[in-house]
Amino acid sequence: MSTSSVAHMRAIQQQAWGGPEELRWVSVERPVPLPTEVLVRVVAAGVNPVDVFTREGRAYMRALSLPHIPGWDVSGIVEAVGYGVTRFQVGDAVFGMPWFPRQAGAYAEYVTAPARHFALKPASLSHVEAAALPLAGLTAWEMLQEIAHVGRGQRVLINAGAGGVGHLAVQIAKSLGAWVIATARSEKHAFMRELGADEVHDYTQADPAEVFKNIDVVIELVGGETCLRLLRTLRPGGLLISAQAAWAPQLFTEAERLNVRASGYLVEPNGHGLDELARLIEAGRLKPHIHQTFPLSQAREAQALIAGGRTVGKIVLTGES
């Protein structure tokens, strides 16, 4: 993104909880890296549903103060390094999900964060593609690998399979050797199969809980009643991991009643996980899909689109021309 002056930068700032109109295009002071931190010039920034939830004041209000700069997905170039940084040097192309759920300030020309909240950008990815990867990719990788320990031959069901997290989870689960079942509307089935899904189910035509049984792991990305119903697809002792457990408060009681396991989950900054995602990218086993890009100044429009819940893959903000 273009620089404006030595001391200042352009950014999207949220000044109150509420609708898209609370996102303002402003000039703010450019951050300076502290020891162990890097200053990254943002080339592209991913947009996620959690950006909308936080803007509306529905999530992580205790971790954020007003005004703040939204966004956590970053891909860009290291411009300066703080004392003690050995992971990167000036000029490196990096991607990451710094500080989550505290302010990272990705909707801006520059961000600062601990060096270990980033990884080297895979050479095969553009900055737009790399900006689509961190939050959604880490969510999928941490759920499948670090919590579920998915292995070869296991049956994994992923709901919202065509979304930002879902389309990456399908690919990661396949890379781990799983038999993957994805739910998506019928018009997205060809896309799901291209990603490697072994079975695809249109959840608008029949309830997955009535169709699938003896599932080992459910990756649940919707919450609410959908989350509770999907417990019924599990084998005895099977595991459902929900990234939206806050919207299903009866989850653990219902799991116990059904003799299955449930886990809530929230993504964390994870330099090792980013390195693992980069390895999958370079091995040709993972690739983010870009639904649409917007210039940074059109963050309102980008968030409105993702709030509609019909995107395929990710939405990304790019630098001003």
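Which of the numbered conditions does E256 fail, given that it passes all the others? Conditions: (1) in a loop (DSSP other than H, G, I, E, B); (2) over 16 Å from the mean Cα position of the chain (by Cα); (3) among the charged types (D, E, K, R).
The single condition E256 does not satisfy is (1).
Among the residues that make up the range 26-39, is at least one of them assigned by TED's automatic domain parsing to the domain that holds P295, within 16 Å of L296 (Cβ to Cβ) and acidic (D, E)?
Within the range 26-39 (the criterion being assigned by TED's automatic domain parsing to the domain that holds P295, within 16 Å of L296 (Cβ to Cβ) and acidic (D, E)), the answer is no, since none of the residues qualifies.
For T253, work out the one condition from (1) of a type in the set (V, I, T); (2) in the same structural domain as Q171 (by TED's automatic domain parsing); (3) in contact (Cβ under 8 Å) with a residue 40 or more places away in the chain it doesn't fulfil.
Of (1) of a type in the set (V, I, T); (2) in the same structural domain as Q171 (by TED's automatic domain parsing); (3) in contact (Cβ under 8 Å) with a residue 40 or more places away in the chain, only one is false for T253: (3).
Looking at the range 51-89 only, could you name the residues that are assigned to a helix (DSSP H, G or I), exposed (fewer than 15 other Cβ atoms within 10 Å of the Cβ) and charged (D, E, K, R)?
Within the range 51-89, R62 is the sole residue that qualifies.
Among the residues of the range 221-253, which ones are assigned to a helix (DSSP H, G or I) and not hydrophobic (A, V, I, L, M, F, W, C)? Before you say what the answer is, go through the steps one by one.
Initial filter on the range 221-253 (assigned to a helix (DSSP H, G or I)): 224-233, 245-247, 251-253.
Those that are assigned to a helix (DSSP H, G or I) and not hydrophobic (A, V, I, L, M, F, W, C): G224, E225, T226, R229, R232, T233, T253.
Take the residues in the range 118-168 that are assigned by TED's automatic domain parsing to the domain that holds G46 and part of a strand (DSSP E or B), then tell me which one is surrounded by the fewest Cβ atoms within 10 Å (Cβ to Cβ).
Filtering the range 118-168 for residues that are assigned by TED's automatic domain parsing to the domain that holds G46 and part of a strand (DSSP E or B), the one surrounded by the fewest Cβ atoms within 10 Å (Cβ to Cβ) comes out as L120.
Which condition from (1) part of a loop (DSSP other than H, G, I, E, B); (2) in contact (Cβ under 8 Å) with a residue 60 or more places away in the chain is the one that T204 breaks?
So T204 meets the others, but not (2).
Could you look through the range 217-250, keep only residues that are of a type in the set (V, I, T) and under 17 Å from the mean Cα position of the chain (by Cα), and pick out the one that is farthest from L144 (Cα to Cα)?
Once the filter is applied, the top-ranked residue is V222.
So which residues in the range 283-310 are over 27 Å from Y110 (Cβ atoms) and surrounded by fewer than 15 Cβ atoms within 10 Å (Cβ to Cβ)?
A283, G284, R285, G308, G309, R310
What pairs come out if I take residues in the range 90-112 that are more than 11 Å from H68 (Cα to Cα) and pair them with residues that are of a type in the set (G, A, S) and surrounded by fewer than 23 Cβ atoms within 10 Å (Cβ to Cβ) whose C-beta lies under 6 Å away, six or more apart or interchain?
Short answer, once both residue conditions are applied: P101/A63.
Please identify the pairs in which a residue from the range 178-193 that is over 21 Å from K213 (Cα atoms) and of a type in the set (A, V, I, L, M, F, W, C) has its Cβ atom under 7 Å from the Cβ atom of a residue that is in a helix (DSSP H, G or I) and modelled with pLDDT of 95 or more, counting only partners at least 6 apart or on another chain.
none
The values are calculated or read from the model by the stated rules, or taken from the named source; none is laboratory data. Model, not experiment: these values are computed from the prediction. No Cβ is skipped: glycine too gets one built from the backbone with ideal geometry, and neighbour counts run over all protein chains shown.
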